[in-house]
Amino acid sequence: MKISLFNIANFRVDGGAMFGVVPKVLWSRVCSSDENNLIVLTLRSLIVEIDGHLILVDTGWGDKQDEKFFRHVHLHDGEGLITGLQKRGYKAEDVTDVFLTHLHADHCGGAVKLNRNGNGYELVFPNAVYHVSRSQWEWAVKNNLREADSFLEENILPVEQSGRLNLVDEEGELFPGFFVRMCYGHTPGLMIPAIQYNGKTLIYTGDLIPTMAHIPLIWNMSYDIESLKTIDEKERLLSEALEKDYILVFQHDEKVECCTLEMTPKGIRAKDKFGFSDIF
Ligand SMILES: [Zn+2]
């Protein structure tokens, strides 16, 4: 197995929305915001080579929407999706599996692009199977008012039309050493990968624990559909991770890529913080 992590791009989002009921006087101690209350998030993706598969976990925002859309997103820095892959020796055609944790636009937008004529869409990874959980797929195509801004037709329907969609029904081992954990609080069927590598287990926490600041059980995003489920899912994951010494890998934390955990009087918190390349 070979595994790497890279940041597709940074973007900005409302700090209040990222921390839900937590007052700004508290979250501003651990996360800085600009004059519009926006904070910076990364879009880190994993690339995993196992057993003849080249798996890409999440694809960032992509570039299909108009200038107004991206003005709100404030994309900046990062390596870019295709450039990030290239820097590690891979082409888009090499990717055999695109694993989408869920279908919110910042996680799956990069999987689909405008075609050459600009009148339709095509897959960015033409040879890949696209893995999405069945519950997330059914939820997203049904859509709902609350997540309407996050589930964009142009990100989702071309994947189905391509015939390359694989709906994942259950938790378990999807590839050798690559396990899936299903969560329902952020959005139904959010898939969290747990990867066993060199005797270590890496948890790509995705939108369940987007940054290190979201480790405390009630520090959750307003975007979550069911906060009580998120709290329960975090509690179970964090207890197991503490007990078994898992490494958390953050998709959205601007400053911290990875951490281990320890028990404190306030509950489970980060222990050692380190870069992804320091794991190996
Ligand atoms: Zn999300």
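The values are calculated or read from the model by the stated rules, or taken from the named source; none is laboratory data. As the structure is a computational prediction, the values presented were derived from the model and not from experiment. Heads up, the Cβs are rebuilt from the backbone with ideal geometry, glycines too, and the neighbour counts pull from every protein chain shown. The area values use the complete protein model at the heavy-atom level, side chains included, leaving out ligands, DNA and RNA. Shrake-Rupley method; radii C 1.70, N 1.55, O 1.52, S 1.80 Å.
Within segment 185-194, take every residue that is surrounded by 23 or more Cβ atoms within 10 Å (Cβ to Cβ) and in a strand (DSSP E or B) and give me the one that is nearest to the ligand (Cβ to nearest atom).
Among them, the one singled out is Leu190.
In segment 96-107, is there at least one residue being within 29 Å of Ile225 (Cα to Cα), in contact with a Ser or Thr (Cβ under 7 Å, 6 or more places away or on another chain) and of a type in the set (Gly, Ala, Ser)?
There is at least one residue in segment 96-107 that is within 29 Å of Ile225 (Cα to Cα), in contact with a Ser or Thr (Cβ under 7 Å, 6 or more places away or on another chain) and of a type in the set (Gly, Ala, Ser).
Anything in segment 223-277 that is free of Cβ contacts under 8 Å to residues at least 24 places away in the same chain and among the aliphatic types (A, V, I, L, M)? List them, or say none.
Met263
If you scan segment 170-184, which residues turn out to be in a strand (DSSP E or B), surrounded by fewer than 16 Cβ atoms within 10 Å (Cβ to Cβ) and not charged (D, E, K, R)?
Gly172 - this is the single residue of segment 170-184 that is in a strand (DSSP E or B), surrounded by fewer than 16 Cβ atoms within 10 Å (Cβ to Cβ) and not charged (D, E, K, R).
Looking at (1) open to solvent by less than 30 Å² (accessible area, probe 1.4 Å); (2) within 16 Å of the ligand (Cβ to nearest atom), can you tell me which one Phe125 breaks?
That leaves (2) as the condition not met.
Identify, please: which residue in segment 195-214 is in a loop (DSSP other than H, G, I, E, B) and either touching a residue at least 24 places away in the same chain (Cβ under 8 Å) or within 16 Å of the ligand (Cβ to nearest atom) (or both) and is, among those, most open to solvent (accessible area, probe 1.4 Å)?
Among those residues, the one meeting the criterion is Asn198.
I want to confirm something. Restricting to segment 152-169 and keeping residues that are under 12 Å from Leu103 (Cα atoms) and in a helix (DSSP H, G or I), which single residue is most open to solvent (accessible area, probe 1.4 Å)?
Going through the qualifying residues, I end up with Glu153.
Within segment 225-236, can one find any residue that is assigned to a loop (DSSP other than H, G, I, E, B), within 16 Å of the ligand (Cβ to nearest atom) and modelled with pLDDT of 95 or more?
yes
When segment 1-33 is examined, which residues are found to be without any contact (Cβ under 8 Å) to a residue 60 or more places away in the chain, touching a Gly at 6+ places or on another chain (Cβ under 8 Å) and among the small types (Gly, Ala, Ser)?
Ser28, Ser33
Considering only residues that are within 16 Å of the ligand (Cβ to nearest atom) and either more than 18 Å from Pro188 (Cβ to Cβ) or in contact with an Asp or Glu (Cβ under 8 Å, 6 or more places away or on another chain) (or both), which ones fall in segment 152-175?
Within segment 152-175, the first condition is being within 16 Å of the ligand (Cβ to nearest atom), and the residues that meet it are 152, 155-156.
Those that are within 16 Å of the ligand (Cβ to nearest atom) and either more than 18 Å from Pro188 (Cβ to Cβ) or in contact with an Asp or Glu (Cβ under 8 Å, 6 or more places away or on another chain) (or both): none in segment 152-175.
Sort out which residues of segment 237-280 are touching a helix residue (DSSP H, G or I) at 6+ places or on another chain (Cβ under 8 Å) and aromatic (Phe, Trp, Tyr), and write them in order of number.
Within segment 237-280, Tyr246, Phe250 meet the criteria.
Name the strands (runs of 3 or more DSSP E) wholly within segment 1-103 that hold at least 1 residues that are surrounded by 16 or more Cβ atoms within 10 Å (Cβ to Cβ) and acidic (Asp, Glu)?
Strands (runs of 3 or more DSSP E) meeting the threshold: 38-50, 97-99.
When Asp149 is evaluated against the numbered criteria (1) open to solvent by 70 Å² or more (accessible area, probe 1.4 Å); (2) within 16 Å of the ligand (Cβ to nearest atom); (3) in contact with a Pro (Cβ under 8 Å, 6 or more places away or on another chain), which criterion, by number, is the only one it fails?
For Asp149, the exception is condition (3).
Scan segment 247-254 and tell me whether some residue there is in contact with an Asp or Glu (Cβ under 9 Å, 6 or more places away or on another chain) and more than 20 Å from Val57 (Cα to Cα).
no
Any residue that is out of contact with any strand residue (DSSP E or B) (no Cβ under 8 Å at 6 or more places or on another chain), open to solvent by 20 Å² or more (accessible area, probe 1.4 Å), within 16 Å of the ligand (Cβ to nearest atom) and assigned to a loop (DSSP other than H, G, I, E, B) - is there at least one of those in segment 136-143?
Checked against the condition, which is being out of contact with any strand residue (DSSP E or B) (no Cβ under 8 Å at 6 or more places or on another chain), open to solvent by 20 Å² or more (accessible area, probe 1.4 Å), within 16 Å of the ligand (Cβ to nearest atom) and assigned to a loop (DSSP other than H, G, I, E, B), segment 136-143 yields at least one hit.
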